[in-house]
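Okay, so here's the structure we're looking at.
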Amino acid sequence: MVLRVGCVPEHFSAPLVRAAEIGTGDMMRRLEAGELDVAICVTEGLVAGIKNNAIRLFGTFVETPLPWAVSVRVDAAYATLDDLAGNVVFGASRLGSGSDVMARYMASQFEWGHEPDVRVVGDIHALVNGVQTRTIDAFLWERTTMQRHYTQNEVRYLGTVRPPWPAFS
């Protein structure tokens with residue numbers, strides 16, 4: 001019997017390098033289509049994607065919360081996370097993705113009193129480009145994965161948002 005497993009292409013997936021490294025959204029689609037049997041997903045995207053009882057959460061891979069870095073343009077005037085409460089456009093890889101869910105969670109936690117404006121722009125490369133070209137003002141992505149973009153001065157780190165739930169389920 002073959003067990004088809006998917007995992008996100010992040011550094012924490014190193015033990016599963018033989019598995020198909022795809023994003024949570026694609027894994028959700030493949031689970032629904034019967035192309036995967038098991039997927040280790042970012043919890044935010046997994047919970048947002050569970051519908052019609054076709055997909056079930058049966059365990060946790062990483063119990064600690066995933067630190068989500070908030071990234072902005074290198075020359076952006078934002079100094080704190082609260083500065084994003086105004087007329088700011090957040091980027092997301094897809095609706096229901098971790099980057100989408102976390103922008104909404106951040107607005108709730110900081111009590112901004114409104115839903116953030118979230119626009120789908122694509123993967124991490126599209127998000128970095130979106131900030132650089134001013135298509136979006138900010139986005140959230142896993143902190144360690146973002147480090148090389150900060151080191152290369154492609155975007156600027158503004159702060160971290162930590163949800164109260166486990167990172168990977």
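The values are calculated or read from the model by the stated rules, or taken from the named source; none is laboratory data. Bear in mind that the values here come from a model prediction, so they are computed numbers and not experimental data. Note: ideal-geometry Cβ built from the backbone for every residue, glycine included; neighbour counts use all protein chains shown. Ligands, DNA and RNA are stripped out before the accessible areas are found, and what is left, the full protein with its side chains, is counted by its heavy atoms. Shrake-Rupley method; radii C 1.70, N 1.55, O 1.52, S 1.80 Å.
Would you mind stating whether Val5 is open to solvent by less than 80 Å² (accessible area, probe 1.4 Å), modelled with pLDDT of 85 or more and of a type in the set (A, V, I, L, M)?
Working: open to solvent by less than 80 Å² (accessible area, probe 1.4 Å): yes; modelled with pLDDT of 85 or more: no; of a type in the set (A, V, I, L, M): yes.
No, not satisfied.
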Checklist entry - Of the residues that make up the stretch 147-156, is at least one touching a residue at least 60 places away in the same chain (Cβ under 8 Å), over 21 Å from Gly23 (Cβ atoms) and in a strand (DSSP E or B)? => result yes
Next on the checklist: Looking only at the stretch 67-117, how many residues end up being surrounded by 21 or more Cβ atoms within 10 Å (Cβ to Cβ), assigned to a helix (DSSP H, G or I) and not charged (D, E, K, R)?
Outcome noted: 7
Checklist outcome for this item: Scanning the stretch 132-165 residue by residue, those at pLDDT 95 or above, basic (Lys, Arg) and surrounded by 13 or more Cβ atoms within 10 Å (Cβ to Cβ) turn out to be Arg156
Checklist entry - Can you name the residue in the stretch 15-40 that is at pLDDT below 75 and more than 23 Å from Pro163 (Cα to Cα) and, of all such residues, is least open to solvent (accessible area, probe 1.4 Å)? => result Ala19
Next on the checklist: Can you pull out every residue in the stretch 118-133 that is of a type in the set (Val, Ile, Thr) and either in a helix (DSSP H, G or I) or on the phi > 0 side of the Ramachandran plot (or both)?
Outcome noted: Ile124, Val128, Val131
Next on the checklist: So in the stretch 118-131, with the set limited to residues that are out of contact with any Gly (no Cβ under 6 Å at 6 or more places or on another chain) and of a type in the set (Val, Ile, Thr), which one is surrounded by the most Cβ atoms within 10 Å (Cβ to Cβ)?
Outcome noted: Val131
Item to check | Exclusive hit being at pLDDT below 85, open to solvent by 40 Å² or more (accessible area, probe 1.4 Å), of a type outside the set (Lys, Arg) and closer than 13 Å to Pro163 by Cβ, set Thr64, Thr60, Thr43 | outcome: Thr64
